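Report on the structure given below.
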Amino acid sequence: MTAGVDVRSLQIAYGRTPVLRDISFSVPIGEYFVIIGPNGTGKTSLLKAVAGLLAPAAGQIALFGRLAAAYGRREFSQTVAVVPQQTSSDFPFTVAETVLMGRSPHLPLWGLERERDYAAAEEAMRFTNVYHLAARRLDQLSGGERQRVIIARAICQQPRLLLLDEPTAALDPAHQVHILDLMERLRREKGVTILMVSHDLNLAAMYGDRLLLLKEGEVESIGPPHQVLTADRLAASYGCPILVDEGPLGGVPRTIPIPEKFLD
Amino acid sequence: MAHRFPSVLRNLLLVTLLLGAVLLAAALFGLSAGSSGVSFSRTLAVLTDRLPADSVAGAIFWRIRLPRVALAATVGATLALGGLVFQALLRNPLAEPYILGISGGAAVGAIIGLTAGLAPFPGVALIAFLGSMATLGLVLFLAAGRASGKDSLLLGGVMMNAFCGALIMFLIALSRNSQTRQILFWLMGDLSLFTYKQLPLLFSVLPCFGVVLLLARPMNLLLTGKENAAAMGVNVGAVTFILLVATSLMVSIAVSLSGLVGFVGLVIPHIFRLLLGSDHRVLIPACLLGGAAYLILCDLLARLLPAGGEMPVGIVTAMIGAPLFIFLLWRARR
């Protein structure tokens with residue numbers, strides 16, 4: 001069976017400094033896969049490597065049964081879309097223009113957008129509920145609206161794999177859930193495979209089918225949330241005592257880092 | 001189907017027609033004004049073949065005014081486009097060939113080439129190109145890998161500019177025929193020393209326009225960030241390299257023919273971004289036509305305003321552009 005993402009013995013280094021050592025994992029098509037781990041353990045580097053933005057020092061990445069290196073540049077970006085942590089620009093593109101940029105991998109160098117490109121962009125904007133903002137400038141929107149626009153752009157790209165780098169880091173709880181619900185719907189309705197980096201262990205547990213816990217550039221644990229999120233493992237990885245119990249929502253594990261004043 | 005998407009094609013047609021008309025009008029003004037008193041109606045007479053090319057009016061028209069207007073138009077288009085490209089590549093709305101010191105580097109190169117007695121093409125143009133690439137490399141190096149990249153870029157450019165200005169005066173002072181006129185030409189820009197024999201060199205910038213125009217969509221994507229562009233299928237390294245080389249080349253040629261004309265690349269892209277948004281497929285033609293018309297009109301002021309003779313066109317462009325730069329800097333810091 002072909003996997004959406006198949007990473008084998010991946011190594012990443014910045015100069016001489018190794019960031020990721022011998023990473024292997026496989027994500028079935030249509031899975032919601034979340035990468036967690038402390039700051040500086042290489043989560044973003046791993047995501048960038050899968051996105052083709054960072055060349056591996058060793059190892060292989062295959063997407064949908066083909067080596068990533070075997071894809072053409074355009075073909076690759078027709079298959080994979082990336083939603084970065086935050087997008088800022090000094091240049092006043094409108095929401096409609098921004099979302100339409102998602103069609104770029106599908107268009108020739110100087111091709112004008114056609115009706116079906118507009119249709120794809122409109123559908124994407126309706127999906128993330130930003131169609132009413134189409135004529136607004138990106139820099140005039142709130143953080144949550146802007147992130148929905150960037151996700152609409154990624155959807156407009158019509159990828160089979162969506163890579164998300166802490167897409168909700170700067171948002172309030174309501175917007176966090178709203179954005180991640182959108183991802184869940186995208187996976188369910190369109191069969192998109194989702195690979196997400198997250199700092200929020202509770203959101204990771206609620207949305208992720210499986211989690212990958214990174215520790216100092218190596219895989220500490222892979223599996224469903226209740227397997228990965230154990231108090232011992234988290235304490236060892238994060239270097240901080242973390243309380244884990246069964247949450248009130250569907251038995252998904254709930255995690256609370258324990259402040260010093262409650263320790264005794 | 002009524003939808004909320006701007007029609008690139010319609011905007012493109014509109015921009016081309018409107019600005020084409022503006023450019024034509026500016027060119028007619030430019031062709032009809034001058035100290036020799038060949039008036040607008042005489043200009044029209046030459047243009048419509050009612051006056052022969054070997055008459056005095058015909059000679060003034062074909063040998064003096066037309067080359068001058070062609071020079072103003074091409075240099076204006078080049079500098080406006082140069083500004084647009086650097087702003088996209090550096091993601092900094094204040095970047096511009098003159099402000100970044102790239103024009104200065106080209107001028108130093110051109111003067112070295114001229115002093116060495118090289119032919120205008122390819123000799124002088126090549127050394128001017130090397131000069132511009134050298135300053136560009138240095139400015140980019142200075143600004144690389146800092147949190148305050150945007151400001152250190154401008155700061156590096158300002159210093160590069162001051163250094164190149166000093167080098168220009170130094171080199172001219174060393175040369176045998178050191179004249180104030182020459183120093184003024186290089187430092188403030190001057191369109192009056194151009195002759196029609198230089199037209200082929202001038203028009204060699206045109207292929208560069210084509211290259212930039214072809215890369216309009218990748219430039220749009222680059223504005224949203226390098227990684228974004230790469231994730232959207234843009235070969236960021238190749239596109240950046242091609243754009244930098246094409247832009248430095250055309251700016252170097254413009255500088256070696258007209259000296260340092262500043263701020264055109266700031267004023268024109270800024271106006272059109274305000275009017276048209278950020279899509280380069282529309283902005284590039286707009287900047288080409290608008291920049292051409294703008295420098296023709298600036299040159300007209302430079303020729304008509306002084307009581308006797310004329311002044312370097314760079315004075316006019318700096319008097320318009322520098323205050324705009326200061327305003328934009330002030331607004332960006334708020």
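Within the span defined as segment B:9-20, one or more residues are part of a helix (DSSP H, G or I), modelled with pLDDT under 95, basic (K, R) and over 24 Å from B:T195 (Cβ atoms).
Outside any helix (DSSP H, G or I) and either more than 14 Å from every other protein chain (Cβ to nearest Cβ) or over 30 Å from A:F93 (Cβ atoms) (or both): which single residue out of B:M319, B:M311 fits that description?
Details: B:M319 fails: outside any helix (DSSP H, G or I).
Matching residue, one of B:M319, B:M311: B:M311.
Just for segment B:72-109: of the residues that are away from chain A (no Cβ under 14 Å) and over 16 Å from the mean Cα position of the chain (by Cα), which one is nearest to B:R333 (Cα to Cα)? My answer is B:V108.
From the set of residues in segment B:21-32 that are among the aliphatic types (A, V, I, L, M) and crowded, with 18+ Cβ neighbours inside 10 Å, which is modelled with the lowest pLDDT?
At the first step, the residues of segment B:21-32 found to be among the aliphatic types (A, V, I, L, M) are B:21-28, B:31.
Now drop any that are not crowded, with 18+ Cβ neighbours inside 10 Å, which leaves B:23, B:26-27, B:31.
Numbers: B:L23: 96, B:A26: 95, B:A27: 94, B:L31: 88.
Only one residue fits best here, namely B:L31.
Could you check segment A:82-96 and list, in sequence order, the residues that are hydrophobic (A, V, I, L, M, F, W, C), under 22 Å from A:Q176 (Cα atoms) and within 7 Å of chain B (Cβ to nearest Cβ)?
Step one: filter segment A:82-96 for residues hydrophobic (A, V, I, L, M, F, W, C), giving A:82-83, A:91, A:93, A:95-96.
From what's left, under 22 Å from A:Q176 (Cα atoms): A:82-83, A:95.
Listed by number, the list holds a single entry, A:V82.
Candidates are the residues of segment A:59-81 that are facing chain B (nearest Cβ under 9 Å) and polar (S, T, N, Q); the one that is surrounded by the most Cβ atoms within 10 Å (Cβ to Cβ) is A:S77.
A quick yes/no check of all residues on (1) more than 14 Å from every other protein chain (Cβ to nearest Cβ); (2) under 27 Å from A:V50 (Cα atoms); (3) at pLDDT 90 or above:
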| position | (1), (2), (3) |
| --- | --- |
| B:N220 | no, yes, yes |
| B:V234 | no, yes, yes |
| B:T240 | yes, yes, yes |
| B:S252 | yes, no, yes |
| B:G265 | yes, no, yes |
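Taken together, B:G117, B:G101 contain a single residue that is on the phi > 0 side of the Ramachandran plot and surrounded by fewer than 18 Cβ atoms within 10 Å (Cβ to Cβ), which is B:G117. If only one of A:P56, A:P105 is farther than 26 Å from A:A169 by Cα, more than 9 Å from chain B (Cβ to nearest Cβ) and not aromatic (F, W, Y), which one is it? Just one listed residue meets the conditions, A:P56.
When restricted to residues that are hydrophobic (A, V, I, L, M, F, W, C) and in a helix (DSSP H, G or I), segment A:189-218 contains 5. Apart from one condition, B:S278 fits all of (1) within 14 Å of chain A (Cβ to nearest Cβ); (2) in contact (Cβ under 8 Å) with a residue 40 or more places away in the chain; (3) in a helix (DSSP H, G or I); the exception is (3).
Please count how many residues of segment A:112-126 are facing another protein chain (nearest Cβ under 8 Å) and part of a loop (DSSP other than H, G, I, E, B). Give the steps one after another, and end with the answer.
Of segment A:112-126, the ones facing another protein chain (nearest Cβ under 8 Å) are A:112-113, A:115, A:118, A:121-122.
With part of a loop (DSSP other than H, G, I, E, B) added as a condition, the list becomes A:112-113.
Residues that pass the stated criteria total 2.
The values are calculated or read from the model by the stated rules, or taken from the named source; none is laboratory data. Keep in mind the model is a prediction, meaning the values are calculated, not measured. Cβ: placed from backbone, ideal geometry, glycine included. Neighbour counts: every protein chain shown.
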